1. Only residues that are open to solvent by 90 Å² or more (accessible area, probe 1.4 Å) and either in contact with a helix residue (DSSP H, G or I) (Cβ under 9 Å, 6 or more places away or on another chain) or on the phi > 0 side of the Ramachandran plot (or both): list them for the range 62-78, please.
2. Name every residue in the range 89-122 that is within 15 Å of the chain's Cα centre (by Cα), in a helix (DSSP H, G or I) and either under 20 Å from Val167 (Cβ atoms) or among the hydrophobic types (A, V, I, L, M, F, W, C) (or both), in order of residue number.
3. Please specify each residue of the range 2-21 satisfying the condition of being part of a loop (DSSP other than H, G, I, E, B), within 19 Å of the chain's Cα centre (by Cα) and of a type outside the set (Asp, Glu).
4. I need every pair where a residue in the range 94-111 that is touching a residue at least 24 places away in the same chain (Cβ under 8 Å) has its Cβ under 6 Å from the Cβ of a residue that is open to solvent by less than 50 Å² (accessible area, probe 1.4 Å) and hydroxyl-bearing (Ser, Thr, Tyr), sequence separation at least 6 or different chains.
5. I'm trying to understand the selection: among the residues of the range 7-42, which are in contact with a Phe, Trp or Tyr (Cβ under 9 Å, 6 or more places away or on another chain), open to solvent by 40 Å² or more (accessible area, probe 1.4 Å) and either among the small types (Gly, Ala, Ser) or free of Cβ contacts under 8 Å to residues at least 24 places away in the same chain (or both)?
6. Taking Arg160 and the conditions (1) part of a strand (DSSP E or B); (2) open to solvent by less than 80 Å² (accessible area, probe 1.4 Å), which numbered condition does it fall short on, given that it satisfies the others?
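The values are calculated or read from the model by the stated rules, or taken from the named source; none is laboratory data. Here the structure is a predicted model, which means the values were calculated and not measured. Neighbour counts are summed over all protein chains in view; Cβ atoms, including those assigned to glycine, are modelled from backbone coordinates with ideal geometry. The accessibility values were calculated without ligands, DNA or RNA, using every heavy atom of the protein model including side chains. Shrake-Rupley method; radii C 1.70, N 1.55, O 1.52, S 1.80 Å.
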Amino acid sequence: SWIAEADPLVGARVQEAAAVFPHSREVALPAMPKSVQDVRARETAETHRALFSEHRDLYGDDVAYKLDRCLEVTDREYEAGLATHERYRERFAELMRDLDILLTPTQPMVAPPVGIGDLKLRDSLTRFTYQFSAVGAPALAVPCGDAEDGLPASIQVVGRPGMDALVLGVGQLLERSA
């Protein structure tokens with residue numbers, strides 16, 4: 001999934017790595033709805049609320065900005081996010097029912113240059129990974145060759161919740177075949 005959404009050489013390296021599996025096929029995996037991130041944001045806010053309110057001046061600007069945004073999530077947004085999260089988890093389980101593993105690029109690009117900043121990159125860098133954490137699916141990143149600017153690309157191996165050993169085994173197979 002998502003090979004076409006990655007930079008060209010990243011996508012090519014992921015396709016080459018996936019060729020190890022003769023019965024692989026393209027799967028249309030829907031992107032995670034943005035409202036699910038409101039759940040994570042609310043939980044982050046609750047975890048940091050007391051310490052952040054007492055020591056806000058000790059936080060870096062980027063972290064303070066993110067925590068301020070987390071604190072803005074309303075009860076209504078949080079509740080809607082919970083419902084959307086559950087529907088997405090069910091859709092993911094349904095999609096994975098007939099699959100042993102799912103392979104995607106880990107990130108849509110190679111490592112960005114230093115100095116761009118987390119606030120500008122966060123959505124891009126977590127675009128292909130966060131949803132698997134949100135649904136409790138094991139995922140593993142394995143290098144799969146050089147891509148844009150001669151930097152390494154990475155393939156992500158994803159399994160159904162509880163299939164950690166299978167994900168690790170596939171990762172080991174991909175690593176040996178690289």
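1. Across the range 62-78, the qualifying residues are Tyr65, Arg69, Glu72, Asp75.
2. Arg89, Phe92, Leu121
3. Scanning the range 2-21 gives Trp2, Ala6.
4. These pairs meet every condition: Thr104/Ser1; Thr106/Ser154.
5. Within the range 7-42, just Ala31 meets the criteria.
6. Every condition holds for Arg160 apart from (1).
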